[in-house]
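*Asks:* I'd like to ask some things about the structure below.
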Amino acid sequence: MALTSSSSSSAITALLKPHLQLSNEPIISFSPSFFTLSSKPLLSSSKPNVKINFFSSQTAVSLKWRTEASIFSGLFTKSKDIKTLKDELFDAIAPLDRGAEAAPEDQQRVDQIALKLEALNEIKEPLKSNLLNGKWELLYTTSQSLLQTKRPKFLRPNGKIYQAINVDTLRAQNMETWPFFNQATANLVPINARRVAVKFDYFRIVGLQIPIKSPGSGRGQLEITYLDEELRISRGNRENLFILKMVDPSYRVPL
């Protein structure tokens with residue numbers, strides 16, 4: 001028996017009707033905030049609607065990725081800036097004979113570079129950092145008590161000058177080399193996480209050791225304003241600037 005077009009349509013509808021009633025495929029619906037995926041059935045269903053904020057999740061992932069990329073880019077830029085400033089600082093102080101040959105404009109230039117590095121300092125509590133331990137060579141200072149520029153040059157310290165610090169024992173040592181080989185040792189008394197009071201207890205002058213017994217003598221303060229594994233910048237209570245480079249991180253100051 002031949003099927004008419006009406007009977008064919010009725011037969012197809014009868015075959016598809018059970019499937020249409022059970023269909024629960026997700027469809028896209030509109031939400032006031034974002035597009036969402038809804039599990040609303042095409043015809044009818046007793047199951048509750050479930051909405052997944054699809055685009056909100058994508059936005060959160062994208063924001064997290066952009067934030068991490070921004071942080072990485074910022075750290076890279078900061079590291080590059082520090083290296084550039086350190087190179088600039090070393091170049092500026094190289095011809096200044098530790099500061100003895102520095103004109104006022106030289107001092108101003110060095111101080112400005114030091115200020116920029118201090119602003120980028122990552123070690124906020126240097127007195128708790130092992131990077132402070134060891135022997136440091138003095139590259140530059142504005143301290144006249146060290147430079148002695150009013151003396152004839154042959155009576156000034158002409159060799160290298162070192163300062164050593166040990167954080168665990170809170171001891172410091174200043175060491176001159178040629179021609180006098182003077183030394184001084186001191187106890188460090190923390191004032192805060194960056195500043196210490198320096199209380200000298202012994203001086204060695206031309207081989208003679210001289211104890212400092214008076215509690216009111218041989219005192220000063222020192223603030224560590226920049227610190228990394230290579231460079232240390234400090235400022236004294238008389239506004240003197242000290243720039244030092246690490247030479248021996250294993251050195252220990254005598255007790």
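*Asks:* Scan the range 114-128 and give yes if some residue there is in a loop (DSSP other than H, G, I, E, B), of a type outside the set (D, E) and surrounded by fewer than 16 Cβ atoms within 10 Å (Cβ to Cβ), otherwise no. Can you show your working first?
*Replies:* The initial filter retains those residues of the range 114-128 that are in a loop (DSSP other than H, G, I, E, B), namely 120-125.
With of a type outside the set (D, E) added as a condition, the list becomes 120-121, 123-124.
If we keep only those that are surrounded by fewer than 16 Cβ atoms within 10 Å (Cβ to Cβ) as well, we get 120, 124.
Within the range 114-128, one or more residues are in a loop (DSSP other than H, G, I, E, B), of a type outside the set (D, E) and surrounded by fewer than 16 Cβ atoms within 10 Å (Cβ to Cβ).
*Asks:* Continuing with this model, one more query. How many of the residues in the range 168-216 are aliphatic (A, V, I, L, M), touching a strand residue (DSSP E or B) at 6+ places or on another chain (Cβ under 9 Å) and either open to solvent by less than 30 Å² (accessible area, probe 1.4 Å) or part of a strand (DSSP E or B) (or both)?
*Replies:* 11
*Asks:* Restricting attention to the range 108-127, which residues are in contact (Cβ under 8 Å) with a residue 60 or more places away in the chain and of a type in the set (S, T, N, Q)?
*Replies:* Once the filter is applied, which keeps residues that are in contact (Cβ under 8 Å) with a residue 60 or more places away in the chain and of a type in the set (S, T, N, Q), the range 108-127 yields only N121.
*Asks:* Are any residues in the range 168-190 modelled with pLDDT under 95 and among the small types (G, A, S), and if so, which ones?
*Replies:* Passing the criteria: A184, A186.
*Asks:* Next question, about the same structure. Hey, among the residues in the range 200-255 that are closer than 20 Å to E176 by Cβ and acidic (D, E), which one's modelled with the highest pLDDT?
*Replies:* D248
*Asks:* Return the residue satisfying two criteria in turn: it lies in the range 144-167 and is modelled with pLDDT of 95 or more and closer than 20 Å to I93 by Cα, and of such residues it is most open to solvent (accessible area, probe 1.4 Å).
*Replies:* This residue is K160.
*Asks:* Suppose we filter the range 99-113 for residues that are in contact with a helix residue (DSSP H, G or I) (Cβ under 9 Å, 6 or more places away or on another chain), in a helix (DSSP H, G or I) and open to solvent by 40 Å² or more (accessible area, probe 1.4 Å); how many remain?
*Replies:* Total satisfying the criteria: 3.
*Asks:* Now for a different question. Evaluate the range 224-238: report whether one residue or more is open to solvent by 20 Å² or more (accessible area, probe 1.4 Å), among the acidic types (D, E) and either assigned to a strand (DSSP E or B) or within 20 Å of Q148 (Cα to Cα) (or both).
*Replies:* So far as the range 224-238 goes, no, none of its residues is open to solvent by 20 Å² or more (accessible area, probe 1.4 Å), among the acidic types (D, E) and either assigned to a strand (DSSP E or B) or within 20 Å of Q148 (Cα to Cα) (or both).
*Asks:* Could you check the range 154-199 and list, in sequence order, the residues that are within 30 Å of the chain's Cα centre (by Cα), closer than 22 Å to Q144 by Cβ and of a type in the set (D, E, K, R)?
*Replies:* K160, R195, K199
*Asks:* Can you find even one residue in the range 201-218 that is without any contact (Cβ under 8 Å) to a residue 60 or more places away in the chain and within 25 Å of the chain's Cα centre (by Cα)?
*Replies:* Initial filter on the range 201-218 (without any contact (Cβ under 8 Å) to a residue 60 or more places away in the chain): 201-218.
If we keep only those that are within 25 Å of the chain's Cα centre (by Cα) too, we end up with none.
Within the range 201-218 (the criterion being without any contact (Cβ under 8 Å) to a residue 60 or more places away in the chain and within 25 Å of the chain's Cα centre (by Cα)), the answer is no, since none of the residues qualifies.
The values are calculated or read from the model by the stated rules, or taken from the named source; none is laboratory data. From a predicted model like this one, the values you see are computed outputs, not experimental measurements. In this analysis, Cβ positions are derived from the backbone assuming ideal geometry, glycine residues included, and neighbour counts consider all displayed protein chains. To get the accessible areas, we keep the full protein, side chains included, count just its heavy atoms, and leave off ligands, DNA and RNA. Shrake-Rupley method; radii C 1.70, N 1.55, O 1.52, S 1.80 Å.
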